[in-house]
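Below is one structure; the comments refer to it alone.
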Amino acid sequence: MGRALLFMITTLLPALSAGIPLSCQRGTIVVQDDVLDYGPLLDKTPVVRVLLINDKREAQLAISGCYQITGSLMNIIEQGQGLQKCTIAASDGGIILGNKRYNNSELRITSQQDGGIELNNVRYRGEIRILQQFNNKFSVIEEINLEDFIAGVLGSEMPPSWNEDALRAQAVTARTYAMYKKKMRRDDVYHLDMLELAYKGVAGETARLSKIVRETKGVVMVFNWNIFPAYFHSTCGGHTEDVNHVFGKNSIPPLGGVTCNYCNNSKHSSWSIDIRKAEIEKKLREANVYVSNISAVKVINPGAGAHGSKVEITSASGRKEMNANDFRLLVGPNYLFSTAFDSRSNGKSITFSGKGWGHGVGLCQYGAQSMAQKGFPWTAILKHYYPKIELVRVY
Ligand SMILES: [Zn+2]
């Protein structure tokens, strides 16, 4: 057994699944399109738990096809054929679906019809779990096969008409990110929420995207045979950023930042926007950050991609520093596109002039599309944005 393979079996796999089929230890290493293929290292496609609704009092549910409702111990509570649209609610006594009350703290719903469960007008393929929470609230989690999940994510995270190699690179990136989260949150109620990966259930899927996901089935990126958080963003603006600089996490070569000469044609390659000072102050106040009469917002400690790790806000109350990415998310990531900006006070507004859209770490999506259009295969795109990775098929 090669040393690298031994490393993978001892460090990567326990994180991914409890089961290691013996066949992987006999497998011959085959390199196809830069993907290390030892045969299936996991015995089946992993299931991920995705938080769809968090701590709400009301949601709409409809079911097509033959369905079954079970409790947390998989005891059958109800079976039926189709369920008209009804309201989900919770009370101290249990969970309510329409006019029916169930004295359970959890309901698991499955439908024999693929994509037959509709929640707030979005159809889902997986098993839906409704979990009672405090104060008559509930949360909803979908348990779904990772490949089906990635097909739904792909259409939400990248324009479905984009070049196939850009989409393949995005599929592997999202799969790697999801498997990392599954590893880190293996004992938690859920692995992923919809703030981390955009996901519109079955609506995000198309035949073309499903084919692209199938072509990369089971392929993830590893560094030193460990899975890692494969961040990605829209447009870097010329250089991606070190993960340590943006998120304070340990820097590793795949997330250390690289030059990107490919995203110039993104309309967010460079931008300028006026944001009212009162608006910035209001957004910060909502997060318990109190400033008044802002006179300047300055990026401090810019990284190789010019994204700041902190911003300094000068106001009547003095100077205050805060995490740059937190500042961007608070002000509004769809207004303040990145933390790679210069700014100047402009009467009642601050004029921000910057480059890129997103946090700047990992894959630059517009760069990936441009590389694909220039003829780079998805494997080369990933190896450019995540240096020193290996691509490996794990199932
Ligand atoms: Zn870029």
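The values are calculated or read from the model by the stated rules, or taken from the named source; none is laboratory data. A quick note: this is a predicted structure, and the numbers were derived from the prediction, not measured. Quick reminder, even Gly has a Cβ in these numbers, built from the backbone with ideal geometry, and neighbours come from all protein chains shown. Just so you know, the surface numbers come from the protein's heavy atoms only, side chains and all, with ligands and any DNA or RNA stripped out. Shrake-Rupley method; radii C 1.70, N 1.55, O 1.52, S 1.80 Å.
Computed quantities for the displayed model
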{"quantity": "Looking only at the stretch 155-193, and only at residues there that are of a type in the set (S, T, N, Q) and crowded, with 20+ Cβ neighbours inside 10 Å, the one that is farthest from Thr45 (Cα to Cα)", "calculated": "Asn163"}
{"quantity": "Sole residue being of a type outside the set (Asp, Glu) and open to solvent by 20 Å² or more (accessible area, probe 1.4 Å), chosen from Ser353, Ser370, Ser315, Ser338", "calculated": "Ser353"}
{"quantity": "Positions within the stretch 366-394 being more than 14 Å from the ligand (Cβ to nearest atom) and small (Gly, Ala, Ser), in sequence order", "calculated": "Gly375, Ala380"}
{"quantity": "Met158 being within 16 Å of the ligand (Cβ to nearest atom) and either under 15 Å from the mean Cα position of the chain (by Cα) or polar (S, T, N, Q) (or both)", "calculated": "yes"}
{"quantity": "Residue pairs meeting the criteria (Cβ under 6 Å; at least 6 apart or on separate chains; first part of a loop (DSSP other than H, G, I, E, B), in the stretch 159-179; second open to solvent by 30 Å² or more (accessible area, probe 1.4 Å) and not aromatic (Phe, Trp, Tyr))", "calculated": "Pro160/Thr206; Asn163/Gln373"}
{"quantity": "Selection within the stretch 308-340 - within 16 Å of the ligand (Cβ to nearest atom) and either touching a Cys at 6+ places or on another chain (Cβ under 8 Å) or among the aromatic types (Phe, Trp, Tyr) (or both)", "calculated": "Phe337"}
{"quantity": "Cross-chain or 6+ apart pairs with Cβ under 6 Å, the stretch 65-93 first and modelled with pLDDT under 95, then among the charged types (D, E, K, R) and surrounded by 15 or more Cβ atoms within 10 Å (Cβ to Cβ)", "calculated": "Ser72/Glu106"}
{"quantity": "Test: residue in the stretch 283-298 that is within 16 Å of the ligand (Cβ to nearest atom) and either closer than 21 Å to Gly354 by Cα or not in a helix (DSSP H, G or I) (or both)", "calculated": "no"}
{"quantity": "Of the criteria (1) open to solvent by less than 10 Å² (accessible area, probe 1.4 Å); (2) farther than 16 Å from Ile300 by Cα; (3) out of contact with any His (no Cβ under 7 Å at 6 or more places or on another chain), which one Val361 fails", "calculated": "(3)"}
{"quantity": "In the stretch 212-235, the residues that are farther than 15 Å from Gly256 by Cα, within 16 Å of the ligand (Cβ to nearest atom) and under 15 Å from the mean Cα position of the chain (by Cα)", "calculated": "Ser234"}
{"quantity": "Within the stretch 341-350, considering residues that are of a type outside the set (Gly, Ala, Ser) and surrounded by fewer than 19 Cβ atoms within 10 Å (Cβ to Cβ), the one nearest to Gly238 (Cα to Cα)", "calculated": "Asp342"}
{"quantity": "From the options Asn325, Asn301, residue that is within 20 Å of Leu255 (Cα to Cα) and part of a strand (DSSP E or B)", "calculated": "Asn301"}
{"quantity": "Check on Gln79, loosely packed, with under 13 Cβ neighbours inside 10 Å and either of a type in the set (A, V, I, L, M, F, W, C) or assigned to a strand (DSSP E or B) (or both)", "calculated": "yes"}
{"quantity": "Those residues of the stretch 201-235 which are hydroxyl-bearing (Ser, Thr, Tyr) and assigned to a loop (DSSP other than H, G, I, E, B), in sequence order", "calculated": "Thr206, Thr216, Tyr231, Ser234"}
{"quantity": "Filter result for the condition that a residue is of a type in the set (S, T, N, Q), in contact with a helix residue (DSSP H, G or I) (Cβ under 8 Å, 6 or more places away or on another chain) and open to solvent by 50 Å² or more (accessible area, probe 1.4 Å), over Ser266, Ser234, Ser251", "calculated": "Ser251"}
{"quantity": "Only listed residue being of a type in the set (D, E, K, R), within 16 Å of the ligand (Cβ to nearest atom) and more than 29 Å from Leu51 (Cβ to Cβ), chosen from Lys267, Lys277", "calculated": "Lys267"}
{"quantity": "Every pair of residues 6+ apart whose Cβ atoms lie under 6 Å, when the first sits in the stretch 213-225 and is on the phi > 0 side of the Ramachandran plot while the second is open to solvent by 10 Å² or more (accessible area, probe 1.4 Å)", "calculated": "Gly218/Arg393; Gly218/Tyr395; Trp225/Phe7; Trp225/Thr11"}
{"quantity": "Given (1) within 16 Å of the ligand (Cβ to nearest atom); (2) more than 22 Å from the chain's Cα centre (by Cα), number of the condition His359 does not satisfy", "calculated": "(2)"}
{"quantity": "Complete set of residues in the stretch 236-255 that are within 15 Å of the ligand (Cβ to nearest atom) and assigned to a loop (DSSP other than H, G, I, E, B)", "calculated": "Cys236, Gly237, Gly238, Thr240, Glu241, Asp242"}
{"quantity": "Subset tally (residues that are within 31 Å of the chain's Cα centre (by Cα) and surrounded by 13 or more Cβ atoms within 10 Å (Cβ to Cβ)) for the stretch 278-300", "calculated": "10"}
